[in-house]
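Visitor: Below you will find the structure I want to go over with you.
The values are calculated or read from the model by the stated rules, or taken from the named source; none is laboratory data. Quantities reported herein were computed from a predicted structural model and do not represent experimental measurements. Reconstructed Cβ throughout: ideal geometry from the backbone, glycine too, with neighbour counts over all protein chains shown.
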Amino acid sequence: MTIDNDDLLNSILASLDRVEHINPDDIPNIDLYMDQVTTFMDSHLQSAARYPGQDKILTKTMINNYAKNDLIPPPVRKKYSREHVMLLVFIYYYKGFLSINDIQKLLEPIAERYFQNGQEYNLEDIYREAFDMEEKQLQAMKEDVVEKFRAAQGAFPGAPKEDAEFLHKFAFICLLGYDVYLKKLMIEKMIDELSLPGKGQEGRKANKGEKPEE
């Protein structure tokens, strides 16, 4: 690889290091108004935004829509709890590749069973476990990125020399994109499983004697 390619790869790997989740210990122990929630999210997640300083992590309209579509429980007296913030963090990551309907199916059972449940095992335990697992995957992700990058550098050997740099980047994007595509298919299939009778939203409604949504 050339020096330019090394620099590009190092820049990509460095960007992965900037992807951080919000530690539950950093979430205030007091309920927050909407403006405080958006400010908190911006201050903790801007470093991983595509255009830091310009992109809004979450807006008031987004949060209102999430409550309206039952992705999060409604605020109490216009205030959001720590558990609200945790659910919003999940939504922030999922909304880049899942539909609102899929996110609702995924988070509804979590909110129903663990949101402010007053039990020893609660939403914070779910949040901590989920993001602890993701942090442990970072090194494996870096190794996979390096492998795909190097494979892309060997693609299109017969292409015109002047097009090689662009085509190598195109190949790299194709490899990453296909990986995302396959994982998205798997995630969607698993979410669909939650809606089968006896599982997920429709199953829970049936068990409660309610009519499943059509």
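Visitor: So which residues in the stretch 96-111 are touching a residue at least 24 places away in the same chain (Cβ under 8 Å) and surrounded by fewer than 16 Cβ atoms within 10 Å (Cβ to Cβ)?
Guide: Just the residues of the stretch 96-111 that are touching a residue at least 24 places away in the same chain (Cβ under 8 Å), to begin with: 97-98, 100, 102-109, 111.
Residues satisfying the conditions are 97, 100, 109.
Visitor: Could you say which residue among 132, 125, 102 is farther than 25 Å from residue 192 by Cβ, at pLDDT 90 or above and not in a loop (DSSP other than H, G, I, E, B)? Show your work before the answer.
Guide: On the way: 132 fails: at pLDDT 90 or above; 102 fails: farther than 25 Å from residue 192 by Cβ.
After ruling out the rest, the residue left standing is 125.
Visitor: Which condition number in (1) crowded, with 16+ Cβ neighbours inside 10 Å; (2) not in a helix (DSSP H, G or I) is the one that residue 55 fails?
Guide: (1)
Visitor: Only one residue in 43, 11 is within 28 Å of residue 116 (Cβ to Cβ) and among the small types (Gly, Ala, Ser), so which one is that?
Guide: On the way: 11 fails: within 28 Å of residue 116 (Cβ to Cβ).
Unique residue meeting the criteria: 43.
Visitor: Suppose we filter 33, 66 for residues that are out of contact with any Leu (no Cβ under 6 Å at 6 or more places or on another chain), surrounded by 17 or more Cβ atoms within 10 Å (Cβ to Cβ), of a type in the set (Phe, Trp, Tyr) and closer than 20 Å to residue 91 by Cβ; which single one remains? Walk me through how you get there before you give the answer.
Guide: Working: 33 fails: surrounded by 17 or more Cβ atoms within 10 Å (Cβ to Cβ).
On inspection, the qualifying residue turns out to be 66.
Visitor: Checking residue 80 against (1) within 19 Å of the chain's Cα centre (by Cα); (2) aromatic (Phe, Trp, Tyr); (3) over 23 Å from residue 133 (Cα atoms), which test does it fail?
Guide: (1)
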